[in-house]
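The next block holds one structure in the form of C-alpha cells; read it before the comments.
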Amino acid sequence: MKVPSPRLRWYERLYLYEVARGMKVTMGHLLRNLFRQSEMPTIQWPEEPKPLPVRLKGRHRLTLRDDGSPKCVACYMCQTACPARCIHIVAEESPEPTIEKRPKVFDIDMLRCVFCGYCVEACPEDAIRMDTGEMAIVSDKREDFIFRIDFLLRGKGEEWKEQGVAESPRRGGLAEPPDDQSEQDLDGGRAGKPPVPSQW
Amino acid sequence: MPAFLAHAGTAILIWIFELSMIPVLVWFERKASAYMQDRTGPNRAAVLGIRMGGLIHTIADVIKLVFKEDATPSQVSRFYYTLAPMMAMSVALLTFAVIPVADDLAVGGQILHWQVLKIDAGLLWIFAVGSLGVLAVILAGWGSNNRYALLGGMRSSAQMVSYELALGLSAVGILMVFGTLDLNRIVQGQGNLLFGFLPMWGVVVQPLAAVLFMIATLAECNRTPFDLPEGESEIIGFHVEYSSLKFALFFMAEYVNIVVAAGITATLFFGGWQIPWLPTASLEAHARTVLLVSLGGAAVLFLLLAGASLRWSRRLKRLYADARRREGDVWAGLLLGLAALCLLGGILALSFPSQGIAPGVFARVAQLGVFLAKVVVLSFLFIWIRWTLPRFRYDQLMNLGWKSLLPLSLLNIVATAAVLRWLGR
C-alpha cells in the first residue's frame, strides 16, 4: 500500500521555517512552566498529597467493636482466601461468653501482600478493611514489613478520604469527581453511610 | 610584563569559564528539557536544603562518575584508548585560545591584547585545532577494538569531516568582508555601522553564511539534530567501551565544544565583545553613565528576583517540613543583599574617575561581560535546538552536508565576491 506523503510548500521544504516554529513551541512550554510552576502537572509526592480515588485499597486495618475489642473472631477465612499467603493467624479462646475465638496473633507480611482485597471480601465480620489510604509502606528492614495485630488495630480509616477527594486545580490531576450516588454504591457503602436499600 | 599578565589572566579566566560552563550546560540541558516537556526535572538533591533549582544534581552526577569503576576491556589497545578522551578534552579547551574577549588596551605605551594566543591567523588556528577533534573520535573508535565502536567512530568522523567543509567555506564570506584572519580585527570591524544605524555584525552582512555556519557547528559538535554518536539505542557510538571518568571526559568535551562553538559563532557573526551602538571610545567616554545604568538595572533585576523568591518561599513552606522550606528565604536574602550591594556600588560609582586607566579597564570588563553573555545565550540555543528537533538519519545527514550546505556556502562566496566587486572593494 502506498501512502502518499503530503506535498510540502517551498517554505516547509526549506526546513528552517519549520525549525523556528518547533522552537517556538518548546520555548512556549519552557516559559509557561518556568513562570507558572504551581500549574505543572507534576505532583511533588510525598510532600504534596495526591488526590486518591475513594476505592483505593490501602494497607489493612482491623476494626474494633464499640467496647474496643477486635471484631475479628479468628475464623481463618481471610488467611484461607489470601492468594499470596501473607496472613498468619493464631487463635485463642475469647473471654466473652458469646464469642468463641479471638486472634492471639494476626500478622500480615506486607512484602508478600498483593493488595487484592480478597481478605476483605472473605471476612464475615467486617473485621478487616483496606481503607487506611496508606499506600507507601517504607522501611529499610524486612522485619518492619510484618504488621502485628496491635499495629493493625490502631489503623485509622475514612479520614483520608475527605482530603483525598478534594478537587485538584491542576492540569491532568487524578482527582475523581465529588462522590455521587454511583460512587457510593460501587464502594459497598464503606465510604460513608450504608446505602439505603430501596426495594427488592 | 603587563602584556604577559594580560595573556595569562585571559588564559586563566577562559579556562575557568569553559570548565565552569560544563555543569551549567548540563543543568540547562536537564532543567530546560524538563520544562520543554512539561516535567519538573531534577529538584531533589540538596546541600543543607539549598537545591539551586537542580544545580546540585550536577555535583551528584560528578561524584557518581568519579567513583564508578573505570572498567577497561581486555582487548583494547591501551595507549590509544587512554589517549582519545584526553585528546578530546584538550583539543576542545585549546580552540578558545585565539578568541579575543575584549578590545586592545593601551597602557604606558604598551598594547595589551585580551586574547590567550595573539596570532594573525586566528581563524586558521580555530579550523586547524578544531579538526583535531576528529582524531580523538577516530582514536576512540579504533583503540576500543570493538566493531561497533569502530563503525561509530568512522561514522562520526565522516560527519565531522564533511561538515568541516561547509564550516570553513561559510567563514570565508566573513573573511572576504573584513579582509583579515585576525579575529580581534574581525570583531573590531563588526563595530562599524551599516547605513548609519545597523551594527555591521557578521549575521547582518553575511546572513546565509551565519545560518550555514551555525548548522555546521551543530554537526561539528555532534549535537542534535546531528548527534548520531549519541544514538545509544538505535546505533552505537564511538564511546561504547568507555566508562567512569573516561566517558565523562568525552561528555565534558562535548559541552566544552558547545562553549567553543558558541564563542566562535559570537566572534564571527554576533559582534564578539562589541556592545551594539557603543564602540570602545564612547564606552570609555561615558564609563560612569554606563556603570550607573548597569548597576541600577542589576539592582532592579535582583529586587524582582527577590520578590519572586519570596512568593516561591510561601509555596515551599506549604510543601516541605525539612530544611528545604528555608530555601526561598535564603535566596531572597541573598538577592536583596546583591541588590543592596549594587546600590552601594552605584553610590560609589558617582565618583568614578573619567581620567586615567579606570574607564579603559571598565570598558574591557563590560566588553568581557557582554561577550560571555553572548556565549551563554548561544550555548543555550544549542540546547534549545536539541530538545526541539529529531535526529537526522545518516544518509539525510550526508545529503544535507554535501548537497545543500556545501553548494550554498560556495554560492555565498560567489555572491559575496560579486557584491564586494560591485561596491568597488
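The values are calculated or read from the model by the stated rules, or taken from the named source; none is laboratory data. These figures come from a predicted structure and were not determined experimentally. Note that each Cβ is placed from the backbone with ideal geometry, even for glycine, and that neighbours are counted across all protein chains shown. Side chains are part of the model used for accessible areas, which takes the heavy atoms of the whole protein and leaves out ligands, DNA and RNA. Shrake-Rupley method; radii C 1.70, N 1.55, O 1.52, S 1.80 Å.
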Count - residues of the range B:27-44 that are of a type in the set (D, E, K, R) and either closer than 19 Å to A:PRO46 by Cα or facing chain A (nearest Cβ under 10 Å) (or both): 4
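Per-residue answers, yes or no, for (1) surrounded by fewer than 16 Cβ atoms within 10 Å (Cβ to Cβ); (2) more than 14 Å from every other protein chain (Cβ to nearest Cβ); (3) within 30 Å of B:THR224 (Cα to Cα):
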{"position": "A:SER5", "(1), (2), (3)": "yes, yes, yes"}
{"position": "A:VAL19", "(1), (2), (3)": "yes, no, yes"}
{"position": "A:MET23", "(1), (2), (3)": "no, no, yes"}
{"position": "A:PHE35", "(1), (2), (3)": "yes, no, yes"}
{"position": "A:LYS71", "(1), (2), (3)": "no, yes, no"}
{"position": "A:ALA74", "(1), (2), (3)": "no, yes, no"}
{"position": "A:MET77", "(1), (2), (3)": "no, yes, no"}
{"position": "A:ILE89", "(1), (2), (3)": "no, yes, no"}
{"position": "A:LYS104", "(1), (2), (3)": "yes, yes, no"}
Is it true that B:LEU245 is open to solvent by less than 10 Å² (accessible area, probe 1.4 Å) and not in a loop (DSSP other than H, G, I, E, B)? no
Which of the following residues is of a type in the set (S, T, N, Q), more than 14 Å from chain B (Cβ to nearest Cβ) and either open to solvent by 40 Å² or more (accessible area, probe 1.4 Å) or assigned to a loop (DSSP other than H, G, I, E, B) (or both): A:THR42, A:THR98? A:THR98
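From B:VAL76, B:VAL47, B:VAL24, B:VAL66, which residue is aliphatic (A, V, I, L, M), loosely packed, with under 15 Cβ neighbours inside 10 Å, closer than 27 Å to B:ALA136 by Cβ and more than 14 Å from chain A (Cβ to nearest Cβ)?
Checking each option against the conditions leaves just B:VAL66.
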For the range B:60-83, what are the residues that are within 19 Å of B:VAL137 (Cβ to Cβ), assigned to a helix (DSSP H, G or I) and more than 25 Å from the chain's Cα centre (by Cα)? B:ARG78, B:PHE79, B:TYR80, B:TYR81, B:THR82
On the given criteria, is B:LEU19 surrounded by fewer than 18 Cβ atoms within 10 Å (Cβ to Cβ), away from chain A (no Cβ under 14 Å) and over 20 Å from the mean Cα position of the chain (by Cα)? no
Over 25 Å from B:VAL47 (Cα atoms), more than 14 Å from every other protein chain (Cβ to nearest Cβ) and either β-branched (Val, Ile, Thr) or open to solvent by less than 50 Å² (accessible area, probe 1.4 Å) (or both): is that true of B:LEU295 in this structure? yes
Looking at the range B:341-357, is at least one residue in a helix (DSSP H, G or I) and touching a residue at least 60 places away in the same chain (Cβ under 8 Å)? yes
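Taking A:PHE147, is it modelled with pLDDT of 80 or more, open to solvent by less than 30 Å² (accessible area, probe 1.4 Å) and aromatic (Phe, Trp, Tyr)?
yes
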